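Trainee: Before anything else, here's the structure in question.
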Amino acid sequence: MPAQYEPGEKFVRVIQLFARLSETKSGLTTKQLAEALEVTPRTVQRYVATLRDSAGIDIEDEGGRLRIGEGTRLPPLQLDRYQATQLLVALRLVHQLHRDQDPALVGALAQISRALRVPPVARYLERTLEHAEQRPIHRERLQVERAVVDAFVESRGLDVEYMDAAGHRSKRTLQPYFIEPEMEGRHVYVFAHDSVSGEVRPFRLDRIESARLLTTTFRVPDDFDIDTAISASWGIWQSESPQEVRLRFLPDATQWVRETRWLPSAEVQDLPDGGLEVHLRVADEREMRRWVLGWGALVEVLEPASLRDFVADAHRRAAERYAAGVTGAAIGHTAKRRS
């Protein structure tokens, strides 16, 4: 049953209606809006009339779905904390992709609070929005991610249940310092002070299975800086004992190696045969393993021994698998696709 509101709350509901309509491209039905605002469909219709007649907002009705029309002059962007955090994560990813200062990124950061209409960009954003709205909503997952954002924005503690890479679950209290994307695995990590280890560690957001916001607050240390924290990380891992890595690339890989975005500690040396040797220091070589395997036979790991042994064993097992020929299941699958 819709909640009962005092007449003085109408203004707040009208603003909430405008916000909901501003966040959709495909539109929302009167019933959906009524459920979101906890009012009746008839009340939603009155709010829509208020936006049209009193505020001059262009509201389109296409097949019973309402949305803000093209004739509306929108004010500067007003992002809530969840939208702003998503934008922060996206900009951090762009930041990681650049080696040098990019005036375009600097300009975007300076003007992100303003609504800048660039027709080609707007068209692609609208298409992206249409596809995004077609995806299913995982409400339990959304609740967890919003709890993490609330803890980050409000500097509040967070009780979580976390599953690590080995499948082990644990309960712990986190104090989220930052939310950072990682390019290699396309994951988002929460850098947080952890009650179990007593350290600031990265936790993969999608491995946080439940989250409960606490009333207790914390203060991020003045000396915490995310770029310093990950300066020696190949991706996101941290360590007080960095490892030395040496890689030897064949001549065929030279151009790609020179185009690779290496860590600041990397040294690239020319070899007499036309190949390259790269020497760098990383927090943990295990974070590089999948990336090194992606080079196939074009690279040889010289050190550390743990990385060399892992890559050698992976190539050995792959060679044995290929030497055995195509399996019956694979043959049947291939034949079916060719028929």
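Trainee: To the nearest 0.05, how large is the calculated FRET efficiency for A19 and T260 if R₀ is 51 Å and r is the Cβ-Cβ distance? Present the calculation step by step, with values, prior to reporting the outcome.
Mentor: Values: r = 44 Å, r/R0 = 0.85.
In this case the efficiency is close to 0.70.
Trainee: For region 24-63, which whole-number percentage of the solvent-accessible area (1.4 Å probe, protein heavy atoms only) is attributable to carbon and sulfur atoms?
Mentor: After summing per-atom areas, the C and S share lands at 43 percent.
Trainee: If you roll a 1.4 Å probe over the heavy atoms of the protein chains, what accessible area per residue do you get for region 142-183, in Å²?
Mentor: Details: 1850 Å² over 42 residues.
That works out to 44 Å² for each residue.
Trainee: Then there is this: Calculate what fraction, in whole %, of the accessible area of region 221-317 sits on carbon and sulfur atoms when a 1.4 Å probe is rolled over the protein chains.
Mentor: Heavy-atom surface of region 221-317 belonging to carbon and sulfur, 1.4 Å probe: 47 percent.
Trainee: Given labels modelled 7 Å from the Cα in the Cβ direction, how far is it in nm from I226 to D313?
Mentor: Those two pseudo-labels are separated by 3.5 nm.
Trainee: Leaving out ligands and nucleic acids, note down the accessible area per residue over region 240-314 with a 1.4 angstrom probe, in whole Å².
Mentor: Using a 1.4 Å probe on heavy atoms only, each residue of region 240-314 averages 56 Å².
Trainee: Between R290 and E35, what is the FRET efficiency for a Förster distance of 41 Å, r being their Cβ-Cβ separation, to the nearest 0.05?
Mentor: Details: r = 44 Å, r/R0 = 1.08.
Efficiency at R0 = 41 Å is approximately 0.40.
Trainee: Per-residue counts of other Cβ atoms within 10 Å, averaged by peptide: what ranking do you get for 16-27, 144-155, highest first?
Mentor: So the peptides 16-27, 144-155, ranked by packing, come out 144-155, 16-27.
Trainee: Two decimals, Cα atoms only, Kirkwood Rh: what is Rg/Rh over region 190-290?
Mentor: 1.12
Trainee: Let me ask another. At what distance in nm do the modelled label points of R139 and V268 sit from each other, each positioned 7 Å from its Cα along Cα→Cβ?
Mentor: 5.2
The values are calculated or read from the model by the stated rules, or taken from the named source; none is laboratory data. All values derive from a computational prediction rather than experimental measurement. Ideal geometry is used to build each Cβ from the backbone, glycine not excepted, and the neighbour counts take in all protein chains shown. Calculation scope for accessible area: heavy atoms of the full protein, side chains included, ligands and nucleic acids excluded. Shrake-Rupley method; radii C 1.70, N 1.55, O 1.52, S 1.80 Å.
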